[in-house]
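Just below is one structure, and these are the notes that go with it.
The values are calculated or read from the model by the stated rules, or taken from the named source; none is laboratory data. What you see is a predicted model; the values in this text were computed from it and never measured. As a convention, Cβ positions derive from the backbone with ideal geometry for all residues, glycine included, and neighbour counts pool all protein chains shown.
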């Protein structure tokens, strides 16, 4: 409220990136947003690119030729990384936002436990699975790279 | 006991689950096909693409995946934009633009899939 | 002879462990409109809290320092501030537990600053009021003129008791990334209270709260970053309450939320006999 002389103290977008020394879930949230935006940007282009198959072989081959450079291949792999993180973290979010793995409400007794701490093993498990998916995809990516 | 936001969010979760399954299948075909011999040769060659396109199952999977992914992604984008402290009028404008973009992209993608299916399957 | 409690003769407990530098963000609309950081050296003993240090500064070093405090024991929620990058209650934070020779004090973020370390919590209270944080029933007459107690089992109590421990300190709001950008987001405090009343078996106000709590800038702007539960000094676990509320909303959207019958009023005992020598209760004054 500027007219009353109070000073604005919103963290703004910095509040998404840092804002303090919090647990990993707060940064998992920011990464989930970034990967989501990256995947969305890729997806919108992907719809246009893959719809070119309806315009015949000529159009298809022109588009595919344009995308065959190393820049696009690496970009695709980065999107794949983003997808692996987003999908696995998304599984955790669907489960926890529907109340699973959070325990039950209980009278707070110091030192307090909380649902975020209780669901941390789920975060670890999904990240391990995401890492496996990244490695599998990495193998496939490296196979396709040389000699193309 | 529902509000408009709760319905939109519920569909966001359901779309996420649908994408998990269908995109998994898509990834399998596009990247792990030759491990398991499901696809012969280059998966991105036009002939290979057309070979898959005449299958009704592919058409259905792709149209569903397209719809779910567009809904999920654009709802996410809307959520991010709405949390950036914009005015109520800006919120209405953004919502409308997102719906229009979603419908347009869906039509483009669905046309791409169905037209090819129609041509190849001799419908 | 019973030994008195406390330090034995010769045992030093008042010794100063070290001197700690406090860097405090100062702001005063009338004298310091542009914020600056003031440094103070404060002697710290075992058990000195940040609140104690602030008193030391005000009494000995700079009498113009302003902050809020009251109970000094972590139940009133007045002394919330940003201490070394984390929202804490000053009275609940031991200086030595921070394990640093420099303590950074800033006013609570995501609230306007009135002066120095004093946040403007009026927005918090407005958002809290907007979710109607009180028992709503169809028979409001009963609430206005109670005829007896409501039945409530221990299990029914456990469903909301944890969330009733909120002291409205605002630390969760300072921690939340969505509150950081979205001014209209209700925030963990009010959403937790909305859930606290929704699942209270005596309450029937779920429908009345849904337009605010489950509307735009309501519970669905929470993305389970979990920082609110980390920051909460009373173990309320607001993140948990909001996820439970979203679960109910999901079920409600699919038509799967079972309507619960509100607690009935316990009927007065009619056949009890007064024991010998037990006097009558005094007349009602309200």
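With respect to residue C:251, determine if the residue is within 12 Å of chain A (Cβ to nearest Cβ), assigned to a helix (DSSP H, G or I) and more than 24 Å from the chain's Cα centre (by Cα). Outline the logic, then answer.
Values: within 12 Å of chain A (Cβ to nearest Cβ): yes; assigned to a helix (DSSP H, G or I): yes; more than 24 Å from the chain's Cα centre (by Cα): yes.
Yes, satisfied.
Sort out which residues of segment A:73-116 are more than 24 Å from residue A:39 (Cα to Cα), free of Cβ contacts under 8 Å to residues at least 40 places away in the same chain and assigned to a helix (DSSP H, G or I), and write them in order of number.
Listed by number, the list holds a single entry, A:115.
Could you say whether any residue in segment C:229-238 is touching a strand residue (DSSP E or B) at 6+ places or on another chain (Cβ under 9 Å) and part of a helix (DSSP H, G or I)?
Checked against the condition, which is being touching a strand residue (DSSP E or B) at 6+ places or on another chain (Cβ under 9 Å) and part of a helix (DSSP H, G or I), segment C:229-238 yields at least one hit.
I'd like to check something: does segment A:58-68 contain any residue that is within 14 Å of chain C (Cβ to nearest Cβ) and farther than 30 Å from residue B:100 by Cα? Step through it out loud before you land on a result.
Taking segment A:58-68 first, the residues within 14 Å of chain C (Cβ to nearest Cβ) are none.
Within segment A:58-68 (the criterion being within 14 Å of chain C (Cβ to nearest Cβ) and farther than 30 Å from residue B:100 by Cα), the answer is no, since none of the residues qualifies.
On the given criteria, is residue C:256 surrounded by 12 or more Cβ atoms within 10 Å (Cβ to Cβ) and out of contact with any strand residue (DSSP E or B) (no Cβ under 6 Å at 6 or more places or on another chain)?
For residue C:256, the condition - surrounded by 12 or more Cβ atoms within 10 Å (Cβ to Cβ) and out of contact with any strand residue (DSSP E or B) (no Cβ under 6 Å at 6 or more places or on another chain) - is not met.
Can you find a residue that is more than 7 Å from every other protein chain (Cβ to nearest Cβ), farther than 30 Å from residue B:50 by Cα and assigned to a loop (DSSP other than H, G, I, E, B) anywhere in segment A:15-28?
Start the filter on segment A:15-28 by keeping residues that are more than 7 Å from every other protein chain (Cβ to nearest Cβ), which leaves A:17-18, A:24, A:27-28.
Still in the list and also farther than 30 Å from residue B:50 by Cα: A:17-18, A:24, A:27-28.
Within this subset, residues satisfying the condition of being assigned to a loop (DSSP other than H, G, I, E, B) are A:18.
So far as segment A:15-28 goes, yes, one or more of its residues are more than 7 Å from every other protein chain (Cβ to nearest Cβ), farther than 30 Å from residue B:50 by Cα and assigned to a loop (DSSP other than H, G, I, E, B).
Tell me yes or no: at least one residue of segment C:228-235 is more than 11 Å from chain A (Cβ to nearest Cβ) and in contact with a helix residue (DSSP H, G or I) (Cβ under 6 Å, 6 or more places away or on another chain).
Kept after step one, since they are more than 11 Å from chain A (Cβ to nearest Cβ), are these residues of segment C:228-235: none.
No.
Could you pull out the residue among C:169, C:176 that is closer than 30 Å to residue A:6 by Cβ, in contact with a strand residue (DSSP E or B) (Cβ under 8 Å, 6 or more places away or on another chain) and not assigned by TED's automatic domain parsing to the domain that holds residue C:72?
Numbers: C:176 fails: in contact with a strand residue (DSSP E or B) (Cβ under 8 Å, 6 or more places away or on another chain).
Result of the check over C:169, C:176: C:169.
Is it true that some residue in segment A:63-72 is surrounded by 14 or more Cβ atoms within 10 Å (Cβ to Cβ), under 29 Å from residue B:51 (Cβ atoms) and without any contact (Cβ under 8 Å) to a residue 12 or more places away in the chain?
The answer is yes, given that some residue of segment A:63-72 is surrounded by 14 or more Cβ atoms within 10 Å (Cβ to Cβ), under 29 Å from residue B:51 (Cβ atoms) and without any contact (Cβ under 8 Å) to a residue 12 or more places away in the chain.
Can you name every residue in segment B:45-61 that is surrounded by 15 or more Cβ atoms within 10 Å (Cβ to Cβ) and more than 9 Å from chain A (Cβ to nearest Cβ)?
We begin by selecting, within segment B:45-61, every residue surrounded by 15 or more Cβ atoms within 10 Å (Cβ to Cβ); these are B:45-46, B:48-54, B:58-59, B:61.
Within segment B:45-61, B:48, B:51, B:52, B:54, B:58, B:59, B:61 meet the criteria.
Could you tell me which of the residues A:48, A:44, A:37, A:31 is without any contact (Cβ under 8 Å) to a residue 12 or more places away in the chain, under 19 Å from residue C:178 (Cα atoms), more than 7 Å from chain C (Cβ to nearest Cβ) and part of a helix (DSSP H, G or I)?
On the way: A:48 fails: under 19 Å from residue C:178 (Cα atoms); A:44 fails: under 19 Å from residue C:178 (Cα atoms); A:31 fails: without any contact (Cβ under 8 Å) to a residue 12 or more places away in the chain.
Just a single option satisfies the conditions, and that option is A:37.
Considering only segment C:41-50, state which residues are surrounded by 20 or more Cβ atoms within 10 Å (Cβ to Cβ) and within 17 Å of residue C:25 (Cα to Cα).
Once the filter is applied, which keeps residues that are surrounded by 20 or more Cβ atoms within 10 Å (Cβ to Cβ) and within 17 Å of residue C:25 (Cα to Cα), segment C:41-50 yields C:42, C:50.
Grab the helices (runs of 4 or more DSSP H) fully contained in segment B:1-107, keeping just those with 2 or more residues being under 21 Å from residue C:220 (Cβ atoms) and in contact (Cβ under 8 Å) with a residue 24 or more places away in the chain.
Numbers: elements: B:4-31, B:33-36, B:46-53, B:56-82.
Passing ranges, in order: B:4-31, B:56-82.
Tally time: how many residues in segment C:161-172 are in contact with a helix residue (DSSP H, G or I) (Cβ under 6 Å, 6 or more places away or on another chain) and surrounded by fewer than 22 Cβ atoms within 10 Å (Cβ to Cβ)?
Of segment C:161-172, the ones in contact with a helix residue (DSSP H, G or I) (Cβ under 6 Å, 6 or more places away or on another chain) are C:163-164, C:170-172.
Then keep just the ones that are surrounded by fewer than 22 Cβ atoms within 10 Å (Cβ to Cβ); that gives C:164.
So the count comes out to 1.
So, in segment C:43-79, how many residues would count as being on the phi < 0 side of the Ramachandran plot, touching a strand residue (DSSP E or B) at 6+ places or on another chain (Cβ under 6 Å) and within 14 Å of chain A (Cβ to nearest Cβ)?
The number of residues fulfilling the criteria is 1.
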